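> My questions all concern the structure below.
The values are calculated or read from the model by the stated rules, or taken from the named source; none is laboratory data. Please read these numbers as outputs of a predicted model, since none were measured by experiment. Positions of Cβ are backbone-derived with ideal geometry, glycine not excepted, and every protein chain shown enters the neighbour counts.
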There are 2 protein chains.
Amino acid sequence: MFKFTPLENAVCAVEGFYANGIAAGLKKNNAKDLAFVYSDTVCDVAAVYTSNKMLAAPLQHAKAKGTIQSNFILINSKNANAMTGTRGVKDIDAIFSSLLMKFPLVSPLMSSTGVIGVHLPTEKIINAALTFDLSTRDGVAASQAIMTTDAFSKTIAYEVTTTSGESFRIGAMAKGAGMINPAMATMLCFITTDINLPQVMVQAVLDKVNKVSFNAASVDGDTSTNDTVFIMNNKKSNCEDTEAFEEALTRVMTFLAKEMVRDGEGATKLITYNVTGAANDKEAEIAAKSLSNSLLIKTAFNGEDPNWGRIAMSVGACGIECHESTLTIAYEDIVLVNKGENLFNDAMEKECARVLCKDAFEVNVDIGVGEGKFTAYGCDLGHEYVTINADYRT
Amino acid sequence: MFKFTPLENAVCAVEGFYANGIAAGLKKNNAKDLAFVYSDTVCDVAAVYTSNKMLAAPLQHAKAKGTIQSNFILINSKNANAMTGTRGVKDIDAIFSSLLMKFPLVSPLMSSTGVIGVHLPTEKIINAALTFDLSTRDGVAASQAIMTTDAFSKTIAYEVTTTSGESFRIGAMAKGAGMINPAMATMLCFITTDINLPQVMVQAVLDKVNKVSFNAASVDGDTSTNDTVFIMNNKKSNCEDTEAFEEALTRVMTFLAKEMVRDGEGATKLITYNVTGAANDKEAEIAAKSLSNSLLIKTAFNGEDPNWGRIAMSVGACGIECHESTLTIAYEDIVLVNKGENLFNDAMEKECARVLCKDAFEVNVDIGVGEGKFTAYGCDLGHEYVTINADYRT
């Protein structure tokens, strides 16, 4: 229906946006750790934040502004500026006071990711940020600077053309190895666009799409203090197609959510859990998330073990309406249990092995009581997860 | 207040109870896999079952009886008789039909633990059970026959004497390496007693104590299809002291719950999470269970990493009333965060290491908003968990 043309340069794929990533000395070995996204006009900003009540300082700082217009986001990795009390927010103000001497910043925003409970090294950040060249357009360098334990940077950009020939652009970068990193170091996502829609409309679409993308993805079931998605919209295009924007945002955010899961710590497989036939969509969501968060399922899939009993266990345990006699479980198109009847046999074991050894596969669960459906994204859990998370700080 | 004298022989420590465990050929290498608990008089039975809706056949069979009087429980390991449809219940009836030809069974009960979705080998079970000698009193053999991945068997027994000189006995065995085993293979607990209290009173005490013992313990946050606690009470003592019984049951069930966590798959540490100062007891329970189930906390403790940020994250994420500025976190008596203020420093790192390297330690979290409190029991998560659960069926 809409034409999607992939573009290079992530958040800088949209005209009027600039970005870069540099080394401020927060990470070791001169690695990039400080990024900016700058717009040559003041943008509408739409945002979603973590539901964690121990809100990190940059989120307190941004939320205090209410509905936001801004032309600048500063992002650091290696330090989350969380559990840092009132000083955490004052540190952000101090950084921006210094930057405002040099740069034409309007209501600047900050995002941080890294270790909790340590105050920001404001001197280092200010000194490095003062070297920014706001005319740089290096979306890839920015995406690298926001990484923590990410094995790869995560970017995507499209030009979207509607049937009436109007077009707009959307570009994005995200970080997160799992929905949450060691030391709760967050998922962050920054999206630029020039869709010609008012802030309230963009915010509404963001809220809706967030539920089926980032909020449907899970690596370990924990929720960080810093999770943030920002959309900066300069409204420079003439396209006012809300439907096209929703489809574009869904593509962008679902892609990035799956990339995060694929990069999940210790993960070797991306697993899509399609739950259908629940009493309603909410119950389908509960079941899908229960499946994607179950340690026993994650470890079984790590071992490529078609242990469907764990699927039945997780559905039965999650509190939704369900019955043994209506439950159907399939790995892709291989039906293991049909309305409670166990079809699993030795021949099927080999078929399952062919599915479970893939990098990505789908688990289809029909609860058999209604029309509710939800899709969640999860990964397996292997030794590497334990190694990364047991040894993170040391 | 009450005198507790430890006794040998687990469920057989109470006069009138008999038990044994034998090899029926369900496990390999002639290992014990079939047990009975028999009473020479018909007992009141109190019971709690899993909240999982995919209720295993033996639980359906027992629940169909309503309030139970029985003199016999048959227990097999290696097969859970779960997700086995109507045949699962019929298989139990068939087994007892055969046993009733030889033994004076009154309303016999069955418990099963092991792999899901496989029908019981009824022939093997009947043939082996027909060799039972109901006059055998080997509580230890019975406790070994109900093990699956348990590294050790779990038993306890006391004679309890009240201040007025009356006494009663209580004996117990449990299985479970974690609240749930690979393939959801269950925690099971069997308790015998001769307390002279009516069934409704024993049931009420069981319900109450279960909440702060087995339901406060967690290895991996999953809930099996087979979890069961049975208390068989022959009422032969003259002791009618409800308070003494509650204290005895609390001791017995808390001990066994902690033993299960200590035996958690891949666990090297037993961690007690004392949450105080929550808005109410329910919110304290939510926080304590959130802490004990957090993968990030479990892996940090596995690495003996005093990463208190993960504690703050978990409290903030669990949905209860809490504030950064009122949160206090201590490992035993080492206060790391005092009302939101970070006291952690390099010297404290060494103190923490002395706590975290222990086999068992306490984490004390004061939410700082009210009087609610709850204690949960958890373990760390190490490589061995992944190894056991990724390779269980194969």
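> Of all the residues that make up the stretch B:350-394, how many are within 14 Å of another protein chain (Cβ to nearest Cβ), closer than 17 Å to residue B:334 by Cα and at pLDDT 95 or above?
2
> Test residue B:237 against the criterion of being assigned to a loop (DSSP other than H, G, I, E, B) and at pLDDT 90 or above, and give yes or no.
yes
> Scanning the stretch A:301-325 for residues that are without any contact (Cβ under 8 Å) to a residue 12 or more places away in the chain and under 22 Å from residue A:351 (Cα atoms), which turns out surrounded by the fewest Cβ atoms within 10 Å (Cβ to Cβ)?
Going through the qualifying residues, I end up with A:303.
> Confirm whether residue A:208 is more than 14 Å from every other protein chain (Cβ to nearest Cβ), under 16 Å from the mean Cα position of the chain (by Cα) and assigned to a helix (DSSP H, G or I).
Answer is yes for this residue.
> Oh, and also: Every residue in the stretch B:1-19 that is in a strand (DSSP E or B) and buried (at least 18 other Cβ atoms within 10 Å of the Cβ), please.
Across the stretch B:1-19, the qualifying residues are B:17, B:18, B:19.
> Sort out which residues of the stretch A:135-144 are part of a loop (DSSP other than H, G, I, E, B) and charged (D, E, K, R), and write them in order of number.
A:138
> Could you tell me how many of the residues in the stretch B:97-113 are β-branched (Val, Ile, Thr) and surrounded by fewer than 17 Cβ atoms within 10 Å (Cβ to Cβ)?
Looking only at that region, the number is 1.
> Which of the residues spanning the stretch A:299-311 are at the interface with another protein chain (Cβ under 7 Å from one of its Cβ atoms) and farther than 17 Å from residue A:376 by Cβ?
Those that are at the interface with another protein chain (Cβ under 7 Å from one of its Cβ atoms) and farther than 17 Å from residue A:376 by Cβ: A:299, A:302, A:303, A:305, A:307, A:308, A:309.
> Any chance the stretch B:264-279 includes a residue that's surrounded by fewer than 20 Cβ atoms within 10 Å (Cβ to Cβ) and under 25 Å from residue A:80 (Cα atoms)?
No, that holds for no residue.
> Identify the single condition in (1) modelled with pLDDT of 95 or more; (2) closer than 20 Å to residue A:121 by Cα that residue A:104 does not satisfy, given that it satisfies every other one.
(2)
> Hey, another quick one. Evaluate the following for residue A:137: is it at pLDDT 95 or above and touching a Cys at 6+ places or on another chain (Cβ under 7 Å)?
Taking the combined requirement at face value, the residue satisfies it.
> Among the candidates B:163, B:155, B:148, which residue alone is assigned to a loop (DSSP other than H, G, I, E, B), under 23 Å from residue B:114 (Cα atoms) and either polar (S, T, N, Q) or free of Cβ contacts under 8 Å to residues at least 24 places away in the same chain (or both)?
The conditions single out B:148.
> Let me ask something additional. Do we have residue B:225 as part of a helix (DSSP H, G or I) and of a type in the set (Ser, Thr, Tyr) here?
Judged against the criteria, residue B:225 is not a match.
> If you don't mind, another one. So residue A:316 ticks every box in (1) touching a Gly at 6+ places or on another chain (Cβ under 8 Å); (2) at the interface with chain B (Cβ under 8 Å from one of its Cβ atoms) but one. Which box is left unticked?
Every listed condition holds for residue A:316 apart from (1).
> In the stretch A:275-288, what residues are more than 13 Å from chain B (Cβ to nearest Cβ) and part of a helix (DSSP H, G or I)?
Listed by number, the residues that qualify are A:281, A:282, A:284, A:285, A:288.
> Moving to a separate point now. Please specify each residue of the stretch A:31-59 satisfying the condition of being over 18 Å from the mean Cα position of the chain (by Cα), modelled with pLDDT of 95 or more and surrounded by fewer than 24 Cβ atoms within 10 Å (Cβ to Cβ).
A:31, A:32, A:40, A:41, A:42, A:44
> Residue by residue through the stretch B:228-244, note down the ones that are over 18 Å from residue B:156 (Cβ atoms) and touching a Cys at 6+ places or on another chain (Cβ under 9 Å).
Within the stretch B:228-244, B:234, B:235 meet the criteria.
> Also: Considering only the stretch A:161-198, state which residues are at pLDDT below 95, in contact with a Ser or Thr (Cβ under 8 Å, 6 or more places away or on another chain) and of a type in the set (S, T, N, Q).
A:181, A:186
> Can you pull out every residue in the stretch B:289-298 that is at the interface with another protein chain (Cβ under 7 Å from one of its Cβ atoms) and either surrounded by fewer than 22 Cβ atoms within 10 Å (Cβ to Cβ) or touching a residue at least 40 places away in the same chain (Cβ under 8 Å) (or both)?
Across the stretch B:289-298, the qualifying residue is only B:295.
> Of all residues in the stretch B:241-271, which are touching a Gly at 6+ places or on another chain (Cβ under 9 Å), modelled with pLDDT of 95 or more and among the acidic types (Asp, Glu)?
Passing the criteria: none in range.
> Another question about this same structure. Can we say residue A:340 is over 27 Å from residue B:382 (Cα atoms), facing chain B (nearest Cβ under 7 Å), crowded, with 18+ Cβ neighbours inside 10 Å and in contact with a helix residue (DSSP H, G or I) (Cβ under 8 Å, 6 or more places away or on another chain)?
yes
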